[in-house]
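Q: Dumping the structure here so I can ask a few things about it.
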Amino acid sequence: VPEDQADKLLLASWGLPKAVLEKYHSLGVVQMFEWQAECLMLGQVLEGKNLVYSAPTSAGKTLVAELLILKRVLETRKKALLILPFVSVAKEKKYYLQ
């Protein structure tokens, strides 16, 4: 992330509602890794274009997906489909996203 865009590492700079930011903050998530911000700034990803990215387990891929989904749902007022690999993960995300 270029120095002039270092604020993009903060979740608060992505236009998320206060309630969403508070939930992330309560979980200890205030900022993201540089690679996560870079993913969100690539091309027209925030306008709905595709993004394919790969990272090791527990690297933070889910946060990128959640932010993209949340922004699109809130901005377009449309529904989103989140596909998860295991029932346990799906239940966890359902609770978390509610």
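Q: Quick one: is E92 under 17 Å from G15 (Cα atoms), in a helix (DSSP H, G or I), open to solvent by 100 Å² or more (accessible area, probe 1.4 Å) and acidic (D, E)?
A: Judged against the criteria, E92 is not a match.
Q: Could you give every pair whose Cβ atoms fall below 9 Å, whose first residue belongs to region 81-92 and is modelled with pLDDT of 85 or more, and whose second residue is exposed (fewer than 10 other Cβ atoms within 10 Å of the Cβ), counting only separations of at least 6 or pairs across chains?
A: A90/I83
Q: Out of all the residues in region 16-26, which are surrounded by fewer than 12 Cβ atoms within 10 Å (Cβ to Cβ) and assigned to a helix (DSSP H, G or I)?
A: K18, A19, E22, S26
Q: Now for a different question. Search region 27-80 for residues being under 18 Å from L10 (Cβ atoms), open to solvent by 50 Å² or more (accessible area, probe 1.4 Å) and in a loop (DSSP other than H, G, I, E, B), and hand back the single one that is modelled with the lowest pLDDT.
A: Taking the candidates together, the pick is L27.
Q: Does S13 fit the bill of being at pLDDT 90 or above and either in a helix (DSSP H, G or I) or open to solvent by 80 Å² or more (accessible area, probe 1.4 Å) (or both)?
A: When the stated conditions are applied, S13 passes them.
The values are calculated or read from the model by the stated rules, or taken from the named source; none is laboratory data. No experiment lies behind these values; they were computed from the predicted model shown. Cβ atoms come from the backbone with ideal geometry, glycine included; neighbour counts cover every protein chain shown. These area figures cover heavy atoms from the full protein model, side chains too; ligands, DNA and RNA do not enter into them. Shrake-Rupley method; radii C 1.70, N 1.55, O 1.52, S 1.80 Å.
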